[in-house]
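Shown next, in structure tokens, is the structure this report addresses.
The values are calculated or read from the model by the stated rules, or taken from the named source; none is laboratory data. Remember, it's a predicted structure, so these values are computed and weren't measured experimentally. Positions of Cβ are generated from backbone atoms using ideal geometry, with glycine treated the same way; all protein chains shown enter the neighbour counts.
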Amino acid sequence: MTGFKNFILRGNLVELAVAFIMAAAFAAVVTATVTLLMDLIGKVGGAKDFSSYDPGGVSVGAWITAVISFVILATVVYFFVVMPYTKAKERFFPSPQPGTPEDVKLLQEIRDLLATQQGKPASTDL
């Protein structure tokens with residue numbers, strides 16, 4: 001029973017469950033936004049669904065509808081999810097300042113101590 005409890009309470013599993021629920025809810029918002037924008041395009045272009053468009057007998061209408069939907073979806077996801085997430089992540093979890101990693105500093109200290117024990121001056125490069 002302890003193994004099952006540890007499995008359920010793992011941070012990744014909970015995060016994954018929350019992400020799945022949020023994705024399902026967000027999918028409804030994106031679908032509604034795509035429908036709204038396709039309706040607006042339909043008002044301007046005269047048809048909200050290009051599926052029946054077939055110049056010269058080639059059915060390209062479904063493809064045109066899918067491409068327009070994809071572009072709208074990608075735009076919505078980028079501007080309403082990716083950009084705010086990136087800005088919030090940098091604001092609340094700023095990336096560390098570039099510098100010498102701790103393990104490299106420790107190795108440099110060891111090198112310098114060994115050099116002084118052997119009577120040699122400590123070098124400045126690694």
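Brief remarks on what is shown
- Taking every residue in segment 103-126 that is modelled with pLDDT of 70 or more and of a type in the set (D, E, K, R) and pairing it with any residue that is in a loop (DSSP other than H, G, I, E, B) and surrounded by fewer than 11 Cβ atoms within 10 Å (Cβ to Cβ), at least 6 positions away or on another chain, the pairs with Cβ-Cβ distances below 8 Å are Arg111/Ser123; Arg111/Leu126; Asp112/Ser123.
- Ala74 modelled with pLDDT of 80 or more, surrounded by fewer than 11 Cβ atoms within 10 Å (Cβ to Cβ) and among the aliphatic types (A, V, I, L, M): no
- Summed over segment 17-57, the residues that are of a type in the set (D, E, K, R) and not in a helix (DSSP H, G or I) give a count of 3.
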